[in-house]
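Colleague: First the structure, then my questions, so here it is.
The values are calculated or read from the model by the stated rules, or taken from the named source; none is laboratory data. The shown structure was predicted, so the numbers you read here are calculated from the model rather than taken from an experiment. Quick reminder, even Gly has a Cβ in these numbers, built from the backbone with ideal geometry, and neighbours come from all protein chains shown. Ligands, DNA and RNA are excluded from the accessible area calculation, which covers all protein heavy atoms including side chains. Shrake-Rupley method; radii C 1.70, N 1.55, O 1.52, S 1.80 Å.
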Amino acid sequence: KNNYGYLFIAPFFIVFFIFGLYPIIYTFYLCFLKWDGLAAMSSMCFKNFSRLIGDKVFYLSLWNTFRIWICNFIPQMLSALLLSAIFTFNRIKGMGFFRAAFYLPNLITAASVGLLFNLLFNGDKSVINYILIELNVPGAPFAFFNSSGFTSGLVSYIQWWMWFGYTTVISMAGITTVDSSIYDAALVDGATKAQTYMLITLPLIKPTLVYMTI
């Protein structure tokens, strides 16, 4: 009976080993080979890595990834912490509806989201350009995707829009683990809601914040 737990968690680990861990190990193995997917593999040792270090596009991709991540991560964390504080410390009518509404974008597939925003912004006849033309906005229609700044900003926004609901739910779960007696003691000492949140809640949900950051 003490071993039943391993049986219950086995499906997750089996799927992870097959579709998660194995592809990672195999990809690392391919780093040392020359292979176009069709011809026979040949050993390259560390030549692939030396070529990568000297590739300017590689560093540009790193910068773009970091820029998109920062512009998504910081607003996502701030909005999640703000919303979780509002929902946790205030009685709001229809809170269950708002939770579901915020979490809903996370349930939509990435392909569907990409198609949606492509219809909104791509081309002279896109939805946004059509609205701008109808409003007689000077310069419309705009070639939105010709701007690297707009495109990376839009990707950051999409990432925030898809994931801030999930981050909010996780942070709310972390807040509910804090002992209510601590809040009662702070209230007796005359602490405001802002002081309680900054000096009690945030330090005590640090493990949750670390998890969300990772």
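Colleague: Match the structure shown to one of the listed values (1) -0.54, -0.76; (2) -0.91, -1.09; (3) -0.73, -0.89 of log10 I(q)/I(0) by the Debye sum over Cα atoms at q = 0.11, 0.13 Å⁻¹, computed from it, and give that label.
Modeller: This structure yields the entry labelled (2).
Colleague: Could you grab the relative contact order for the chain? Cα pairs under 8 Å, six or more apart, rounded to a whole percent.
Modeller: Rounded, it is 21 percent for the chain.
Colleague: With the full set of protein chains in place, find how many percent of the accessible area of the chain is carbon and sulfur; take the probe as 1.4 Å.
Modeller: That fraction is 72 percent.
Colleague: If you add up the charges near Ala85, with Lys and Arg at +1 and Asp and Glu at -1, over every other residue whose beta carbon is less than 15 angstrom from its beta carbon, what do you get? Spell out each step's value before the answer.
Modeller: Values: positive: Arg91, Arg99, Lys193; negative: none.
Around Ala85, the charge tally is +3.
Colleague: Sorted by mean Cβ packing within 10 Å, highest first, what order do the peptides 125-136, 14-25 take?
Modeller: 125-136, 14-25
Colleague: Okay, next question. For a quick check, take a GNM of the chain with Cα springs below 10 Å and name the residue from Pro138, Pro203, Pro11 with the largest mean-square fluctuation.
Modeller: Of Pro138, Pro203, Pro11, the most mobile in the Gaussian network model is Pro11.
Colleague: What is the local net charge at Ile131, summed over the other residues whose Cβ is closer than 14 Å to its Cβ (Lys, Arg +1; Asp, Glu -1)?
Modeller: That sum, taken over residues with Cβ under 14 Å, equals -1.
Colleague: Work through the residues other than Met41 whose Cβ is under 14 Å from its Cβ and net out their charges, Lys, Arg +1 and Asp, Glu -1.
Modeller: For residues surrounding Met41, the net value is +1.
Colleague: Here is a follow-up. Taking R0 as 45 Å, what FRET efficiency do you get between Leu30 and Ile128 from their Cβ-Cβ distance, rounded to the nearest 0.05?
Modeller: On the way: r = 41 Å, r/R0 = 0.92.
According to the calculation, E is roughly 0.65.
Colleague: Mean Kyte-Doolittle of at least -0.5 and a Cα length of 30 Å or more along the axis: which whole DSSP H helices of the chain meet both? Kindly include the intermediate steps, with their values, before the conclusion.
Modeller: Values: long enough: 56-89 (49 Å, 1.16); 148-176 (41 Å, 0.71).
Membrane-span-like by this rule: 56-89, 148-176.
Colleague: Going by accessible area, probe 1.4 Å, with all protein chains left in place, what is the ranking of Arg91, Arg99, largest first? Mind dumping the intermediate values first?
Modeller: On the way: Arg91 245, Arg99 105 Å².
Most to least solvent-accessible, the answer reads Arg91, Arg99.
Colleague: Would you mind getting the accessible area per residue of the range 6-93, heavy atoms of the protein chains only, 1.4 Å probe, in Å²?
Modeller: Value returned for the range 6-93: 82 Å² of accessible area per residue.
Colleague: Taking 0.36 nm per intervening residue step and subtracting the Cα-Cα distance, what contour gain separates Ser152 from Lys93 on full extension? Please report the intermediate quantities before stating the final value.
Modeller: Numbers: separation 59, 0.36 × 59 = 21.24 nm, distance 3.67 nm.
My answer for the length gained is 17.6 nm.
Colleague: Considering lysine pairs in the chain that are 8 or more places apart or on different chains, how many have Cα atoms under 27 Å apart? Walk me through the intermediate numbers first.
Modeller: Details: Lys34/Lys47; Lys34/Lys56; Lys47/Lys56; Lys93/Lys193; Lys193/Lys206.
Final tally of qualifying lysine pairs is 5.
Colleague: Could you sort 73-85, 38-50, 145-157 so that the peptide with the highest average Cβ count within 10 Å comes first and the rest follow in order? It would help to have the intermediate numbers written out before the result.
Modeller: Values: 73-85: 18.0, 38-50: 10.2, 145-157: 13.8.
The most tightly packed comes first, giving 73-85, 145-157, 38-50.
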